[in-house]
1. Quickly run through region 107-134 and pick out the residues that are surrounded by 15 or more Cβ atoms within 10 Å (Cβ to Cβ), more than 21 Å from I181 (Cα to Cα) and aliphatic (A, V, I, L, M).
2. Quick one: in region 75-102, of everything that is surrounded by 18 or more Cβ atoms within 10 Å (Cβ to Cβ) and more than 15 Å from the chain's Cα centre (by Cα), which residue is farthest from F147 (Cα to Cα)?
3. Does T182 satisfy the condition of being surrounded by fewer than 17 Cβ atoms within 10 Å (Cβ to Cβ), out of contact with any strand residue (DSSP E or B) (no Cβ under 9 Å at 6 or more places or on another chain), in the same structural domain as I62 (by TED's automatic domain parsing) and under 20 Å from S98 (Cβ atoms)?
Amino acid sequence: MPSAVSGLVKTMRKVALSVNNHSTLAGQLITSAFIAAFLTTGCATPSIAQRDADFPEQKTQIEQRLQEVIVAAENKDFNRLDSYHLYGPKFTKFTGSSPARLDAAATRKGEHDGLASLQGLKMRADSLKIDVFGNVGIATFILDYSFDSGGQTVRRKDRSTLVFVKERGDWKIAHEHLSPITLAEPGGAGNGSQPTGSGKNRTSSAAGSHR
């Protein structure tokens, strides 16, 4: 940065002198304006090293929060589950059951209704990858979950993305995207599952309304 600023100063001084060699003040003003613009934009842009930093402490925090979300969902602890979301006008969610983008109210209702209807729900986040960009964290994983239906266990898998935002030192979900892995795909939900009638016809509210 210092060498870039030094070079810019020299260049701008030449420009200022060529614009008006009789007005020292004008030259100084032009130079100052260009330096200010450079510093404002240059310093505001994170370096590649900052962008690619690992942030192990923040990644651990997000992983812990994800596990807390899973436990709250399995236990149908709706108050705790809601507290892990950054519900508000900027919250969004996509599921496999609808092409529509869900807002905070629709997400809350869908999760409450979907979880309340399930028995024996078990979930885990496989192939978890967490990337942190300052106060934003992105968790991508395969949601492997099962629930009881008609005396049998139904198993499903969803590709899952959660976007976390750090608010007052607390990581909260600002966006969710879940898409079911089809039976035809390698490692799909059909492998090792025992779907019942209701399991076969389940909407993605069973998956999309959960983590």
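The values are calculated or read from the model by the stated rules, or taken from the named source; none is laboratory data. Everything numeric in this text was worked out from a predicted model, so none of it was measured. For neighbour counting, all protein chains shown are included, and Cβ atoms are generated from backbone atoms with ideal geometry for every residue, glycine included.
1. V132
2. It comes out as L102.
3. Numbers: surrounded by fewer than 17 Cβ atoms within 10 Å (Cβ to Cβ): yes; out of contact with any strand residue (DSSP E or B) (no Cβ under 9 Å at 6 or more places or on another chain): yes; in the same structural domain as I62 (by TED's automatic domain parsing): yes; under 20 Å from S98 (Cβ atoms): yes.
It is true that T182 is surrounded by fewer than 17 Cβ atoms within 10 Å (Cβ to Cβ), out of contact with any strand residue (DSSP E or B) (no Cβ under 9 Å at 6 or more places or on another chain), in the same structural domain as I62 (by TED's automatic domain parsing) and under 20 Å from S98 (Cβ atoms).
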